[in-house]
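So the structure is just underneath, and the comments pick up after that.
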Amino acid sequence: VFNAIQAAQTLGIAVFSVHGRGYRLPQPVVLLDQEAILAACGDYAPWFHLQVLAQVDSTNRYLMQESVRGVPHATCVAAQVQTAGRGRRGRTWLSQLGGSLTFSLLWRFQCGAAGLSGLSLVVGLALVRALHGIGLTEVQLKWPNDLIVQANGQWQKLGGILIELQGDMEGPSAAVIGVGLNLEVDTTLRQLIDQAAMGLNQLHGKALDPNQLLGRCLASLAEHLSLFAEHGFSHFQPQWAAYHAFDQQAVDLHLVNGQVLPGRVIDIAEEGSLLVETADGVQRFNAGEISVRSAG
Ligand code: BTN
């Protein structure tokens with residue numbers, strides 16, 4: 001037992017010893033359960049090949065490797081504990097047991113990577129709609145694909161998406177769609193994150209069932225990704241704009257070279273780039289070129 005507790009603590013899991021009684025976690029943790037997740041996928045359950053891992057370094061890294069080995073379309077890997085989560089722009093994604101939902105979904109496309117522009121925005125749209133569907137209607141999108149909410153006078157990040165691609169520009173291709181949703185962001189975690197963040201449980205006012213949440217997200221992803229494969233991003237462009245937190249807002253664009261450009265968000269283009277009015281006129285930016293912050 002001592003060794004198991006030590007091992008748990010090295011994974012960042014807080015375990016308290018209660019004199020004369022044993023050990024306890026700071027709060028109850030609902031573990032991921034394959035059957036419960038598939039039940040929450042509803043009619044889409046037969047689409048998925050689901051693996052629930054107790055622990056993995058990164059579900060994206062693992063699924064990229066599995067994809068090369070030929071695992072089928074719509075394989076989803078979810079982890080109870082992720083020890084080296086990858087974020088966008090080379091960042092790490094921090095999560096704790098029960099404190100976040102971390103999963104990756106493999107989606108194979110007939111077209112090449114060149115035909116997938118706007119994919120990450122569609123994934124954001126699918127997730128925001130899943131969250132609205134369970135009553136979290138304040139959640140919005142920050143281009144290209146952060147899930148955010150305005151709380152305590154600032155925008156707080158609830159979740160992020162990291163898509164890694166395999167295949168040729170001509171096709172076929174495969175996307176490993178990694179999703180990290182914060183459930184609880186405690187003070188220790190908040191101090192380690194370089195931006196304002198909060199958990200969906202905190203927004204909801206009580207603990208969400210991670211199995212329900214994952215099932216609803218997967219069903220929504222299946223619906224949106226099949227439409228995306230057929231019609232591309234242009235089909236979703238007006239729908240995406242309806243959830244866009246910074247639409248028509250003054251923003252600061254942080255360029256990769258460190259320069260900060262003030263502007264006003266005009267729209268999202270048909271292929272998913274961001275249109276911003278700057279001192280030099282309307283400019284178009286692709287994901288990866290800039291990071292957007294609310295001005296002031
Ligand atoms: C971001 O930086 O906003 C994207 C974060 C994506 C994190 C998720 S957690 C599950 C999946 N596995 C990873 O290693 N990263 C993604």
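From the helices alone, meaning DSSP H stretches of at least four residues, give me the mean residue ellipticity at 222 nm for the chain, per-run term -39500 (n - 2.57), in deg cm²/dmol to the nearest 500.
On the way: 8 runs with 79 residues, N = 296.
Calculated from helices alone, the mean residue ellipticity at 222 nm is -8000 deg cm²/dmol.
Could you give the accessible area per residue of region 204-246, probe 1.4 Å, as a whole number in Å²? Before the final figure, lay out each step's value.
Details: 1670 Å² over 43 residues.
Using a 1.4 Å probe on heavy atoms only, each residue of region 204-246 averages 39 Å².
Could you tell me which of Val56, Tyr23, Gln34 has its Cα farthest along the dipole of region 1-76 towards the positive end, charges placed at Cβ (Lys, Arg +1; Asp, Glu -1), taken about the Cα centre?
So the residue furthest toward the plus end is Tyr23.
Under 13 Å from the Cβ of Val56, count the other residues' Cβ atoms, weight Lys and Arg +1, Asp and Glu -1, and hand me the total. Working shown, then result.
Working: positive: Arg61, Arg86; negative: Asp57, Glu66.
Its environment carries a net charge of 0.
Quick one: compute the contact order of the chain, relative version, from alpha carbon pairs under 8 angstrom and 6+ residues apart, as a percent. Please report the intermediate quantities before stating the final value.
Values: 568 pairs, mean separation 48.1, N = 296.
Normalised by residue count, the contact order of the chain is 16 percent.
Which shape class applies to region 150-261: rounded if a/c is under 1.5, otherwise prolate when a/b exceeds b/c and oblate if not, where a ≥ b ≥ c are the square roots of the Cα gyration tensor eigenvalues? Before the final figure, lay out each step's value.
On the way: a/c = 1.67, a/b = 1.24, b/c = 1.35.
Here region 150-261 falls in the oblate category.
Helix 210-231 versus the longest principal axis of the chain: what angle, 0 to 90°, nearest 10, using Cα atoms?
For 210-231 against the chain, the angle is about 30 degrees.
Any chance you could give the angle, 0 to 90 degrees and rounded to 10, that helix 119-133 forms with the longest Cα principal axis of the chain?
Here the helix axis deviates by roughly 60 degrees.
For region 78-168, what is the accessible area per residue in Å² when the probe is 1.4 Å? Show your work: numbers first, answer last.
Working: 3220 Å² over 91 residues.
Averaged over the residues of region 78-168, the accessible area is 35 Å².
Around Ile13, with a cut-off of 14 angstrom between Cβ atoms, what is the net charge of the other residues, counting Lys and Arg +1 and Asp and Glu -1? Please list the in-between numbers first.
On the way: positive: Arg24; negative: Glu184, Asp186.
After counting each charged neighbour, the total is -1.
With the other protein chains left in place, how much accessible area per residue, in square angstrom, belongs to region 11-66 at a 1.4 angstrom probe? List each step's numbers first, then the result.
Numbers: 3560 Å² over 56 residues.
Here the per-residue accessible area is 64 Å².
Starting at the first residue of region 273-283, write each ³J(HN,Hα) from the Karplus equation 6.51 cos²θ - 1.76 cosθ + 1.60 with θ = phi - 60°, in whole Hz, x for Gly and Pro.
Listing the rounded values in order: 7, 9, 9, 10, 7, 10, 4, 9, x, 6, 10 Hz.
Relative to the longest principal axis of the C-alpha atoms of the chain, give the angle of the C-alpha long axis of helix 59-68, reported between 0 and 90° and rounded to the nearest 10°.
Long axis of 59-68 versus the principal axis of the chain: about 70 degrees.
Using the Cα centre of the chain as the reference point, and only Cβ charges (+1 on K/R, -1 on D/E), how large is the resulting charge dipole? Debye, rounded to the nearest 20. Don't skip to the answer; put the middle values down first.
Working: 18 positive and 24 negative charges, 178 e Å.
I would put it at about 860 debye.
Looking at the calculated P(r) for region 1-83, what percent of the C-alpha pair distances fall above 17 Å?
On the way: 2047 of 3403 pairs.
Within region 1-83, distances greater than 17 Å cover 60 percent of Cα pairs.
Is the shape of region 202-296 rounded, prolate or oblate, going by the alpha carbon gyration tensor and its root eigenvalues a ≥ b ≥ c, with a/c under 1.5 for rounded and a/b larger than b/c for prolate? Don't skip to the end; give the middle numbers.
Details: a/c = 2.53, a/b = 1.54, b/c = 1.65.
Since a/c reaches 1.5 but b/c is at least a/b, the shape of region 202-296 is classed as oblate.
Below 10 angstrom from the Cβ of Gly178, what's the summed charge of the other residues (Lys, Arg +1; Asp, Glu -1)?
Working: positive: Arg61, Arg86, Arg88; negative: Glu164.
Taking every other residue near Gly178 into account, the sum is +2.
Work out the charge dipole of the chain with +1 on the Cβ of Lys and Arg and -1 on the Cβ of Asp and Glu about the Cα centre, then indicate which of Thr83, Gln195, Ile134 is farthest towards its positive end.
Thr83
In the chain, carbon and sulfur make up what percent of the accessible area (probe 1.4 Å)?
Values: 7030 of 14040 Å².
That fraction is 50 percent.
The values are calculated or read from the model by the stated rules, or taken from the named source; none is laboratory data. Only a predicted model underlies this, so the values are computations on that prediction, with no experimental measurement involved. Cβ coordinates were reconstructed from backbone atoms using ideal geometry, including for glycine residues, and neighbour counts include every protein chain displayed. SASA here: full protein model, heavy atoms, side chains in, ligands and nucleic acids out. Shrake-Rupley method; radii C 1.70, N 1.55, O 1.52, S 1.80 Å.
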